[in-house]
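Structure first, commentary second.
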4 protein chains.
Amino acid sequence: MWKEEDNKLKKTFEFKNFQEAFAFMTRVAFLAEEMQHHPNWSNVYNSVEIALTTHDAGNVVTEKDRKLAKAIDAI
Amino acid sequence: MWKEEDNKLKKTFEFKNFQEAFAFMTRVAFLAEEMQHHPNWSNVYNSVEIALTTHDAGNVVTEKDRKLAKAIDAI
Amino acid sequence: MWKEEDNKLKKTFEFKNFQEAFAFMTRVAFLAEEMQHHPNWSNVYNSVEIALTTHDAGNVVTEKDRKLAKAIDAI
Amino acid sequence: MWKEEDNKLKKTFEFKNFQEAFAFMTRVAFLAEEMQHHPNWSNVYNSVEIALTTHDAGNVVTEKDRKLAKAIDAI
């Protein structure tokens with residue numbers, strides 16, 4: 001579940017290993033480029049934390065973040 | 001199904017679009033590096049053709065190719 | 001140098017190893033998605049062969065291919 | 001310059017845009033897999049922050065971190 005916190009939409013994804021985590025990141029990277037809306041994200045081994053916020057709107061959660069969140073869940 | 005032909009183990013994979021095809025290629029790239037055994041492969045849009053052969057054994061199909069084929073199918 | 005041949009714009013790129021070749025392919029993949037114009041390409045270890053043609057124009061070389069070729073060279 | 005801080009070896013890399021940043025991350029991902037030593041890292045648009053520490057040694061900086069740092073700089 002995505003959780004709204006500190007004006008960010010957040011979710012953590014867990015994978016079997018680093019290879020799977022990074023392949024997921026590649027998918028997200030393509031979506032982000034397509035939407036021209038990029039995540040704040042971090043990775044350690046099999047875990048990927050994503051935080052979405054709209055810089056241009058003053059760092060609050062907007063429809064752009066919800067749309068990217070939905071696209072990520074559809075992967 | 002992998003098909004043995006011309007001393008190569010071959011299979012074609014179809015995806016929804018280029019993004020999915022390339023994400024799959026990224027997974028295969030990691031497996032190939034891990035095994036230090038690299039495919040002959042080509043891509044057009046949503047389609048990825050893989051041909052496996054063992055250069056060091058004189059370009060014939062060996063156990064290395066079967067192992068990589070199995071790992072690719074497990075993606 | 002890109003070479004026009006069989007209604008395709010072609011070039012082969014050589015790298016130090018597979019990792020570098022695949023990182024280059026990732027760059028090209030992003031450009032292709034951005035332009036919504038995708039290459040016919042193949043890879044074996046450190047070598048990447050790219051062939052560009054415009055399917056929608058009846059598989060001939062168009063301005064779209066020249067633009068993608070220029071963007072690839074700028075990597 | 002890598003900086004040792006809080007038992008981590010840290011460095012921030014800046015790129016022209018997201019595509020270049022993510023292509024760099026792909027290179028680092030391959031190195032990390034090759035060494036079986038993975039970074040703590042985060043990305044926002046054109047910026048990539050890497051923090052290296054050795055979990056198995058009790059989260060301190062070891063020779064493994066210095067080796068990966070050197071390999072990343074060689075990209």
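Summary of values
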| item | result |
| --- | --- |
| Restraint check, B:Lys70/C:Lys16; D:Lys11/D:Lys70; D:Lys8/D:Lys64; B:Lys10/B:Lys70; C:Lys10/C:Lys67; D:Lys3/D:Lys70, Cα-Cα greater than 19 Å | B:Lys70/C:Lys16 |
| Of the trypsin sites (Lys or Arg not before Pro) in chain D, those whose Cβ has at most 16 other Cβ within 10 Å and which sit in DSSP loop | D:Lys16 |
| Amide hydrogen neighbours beyond the local backbone of D:Asn40, cut-off 5 Å, H modeled | D:Ala51, D:Thr53 |
| Mean ellipticity per residue at 222 nm, deg cm²/dmol - from DSSP H runs of n ≥ 4 across the protein assembly as shown, formula -39500 (n - 2.57) | -12500 deg cm²/dmol |
| For chain B: relative contact order, % (alpha-carbon pairs under 8 angstrom, 6 or more apart) | 35 |
| Highest-fluctuation residue, D:Ala57, D:Ala29, D:Ala21 considered, GNM on chain D with Cα pairs under 10 Å | D:Ala57 |
| At 7 Å out from Cα toward Cβ: A:Arg66 inter-copy label distances (nm, ascending) | 4.6, 5.3, 5.4 |
| Computed FRET value (nearest 0.05) for A:Glu49 with C:Asn17, which takes r as the C-beta separation and R₀ as 30 Å | 0.45 |
| Neighbourhood net charge (15 Å Cβ-Cβ; Lys/Arg +1, Asp/Glu -1) for C:Lys16 | -3 |
| Inter-copy label distances at C:Glu4 (7 Å, Cα→Cβ; nm, one decimal) | 4.6, 5.5, 6.0 |
| Solvent-accessible area buried by B and C, counting both chains, probe 1.4 angstrom, square angstrom | 1400 |
| Kirkwood hydrodynamic radius of the protein assembly as shown, from inverse mean 1/r over distinct Cα pairs, in Å | 20.6 |
| Accessible surface of B:Thr53 - all protein chains present, 1.4 Å probe, nearest 10 Å² | 20 |
| Solvent-accessible area, 1.4 Å probe, carbon plus sulfur percent, for the protein assembly as shown | 47 |
| Per the axis that maps chain B onto chain C, nearest residue of B (Cβ criterion) and its distance in Å | B:Ser42, 2 |
| Whole-Hz couplings from phi, Karplus 6.51/-1.76/1.60, listed for the stretch B:30-44; x for Gly and Pro | 5, 4, 4, 5, 4, 8, 6, 9, 10, x, 8, 8, 9, 9, 9 |
| Number of partner chain Cβ atoms within 10 Å, mean per residue of B:11-19 | 2 |
| The stretch B:1-44, Cα convex hull volume normalised per residue, Å³ | 82 |
| Surface per residue (accessible, 1.4 Å probe) for the stretch D:1-51, Å² | 46 |
| Dipole magnitude (debye, nearest 20) for the protein assembly as shown, charges at Cβ of Lys, Arg, Asp, Glu | 0 |
| Using θ = phi - 60° and Karplus 6.51 cos²θ - 1.76 cosθ + 1.60, couplings along the stretch B:10-19 (whole Hz; Gly, Pro as x) | 10, 7, 10, 10, 10, 10, 6, 7, 5, 4 |
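The values are calculated or read from the model by the stated rules, or taken from the named source; none is laboratory data. Predicted model, so just to flag it, every value in this text is computed and none were measured. All Cβ positions, glycine included, derive from the backbone under ideal geometry; neighbour counts span all protein chains shown. Areas reflect the complete protein model, heavy atoms only, side chains present, ligands, DNA and RNA absent. Shrake-Rupley method; radii C 1.70, N 1.55, O 1.52, S 1.80 Å.
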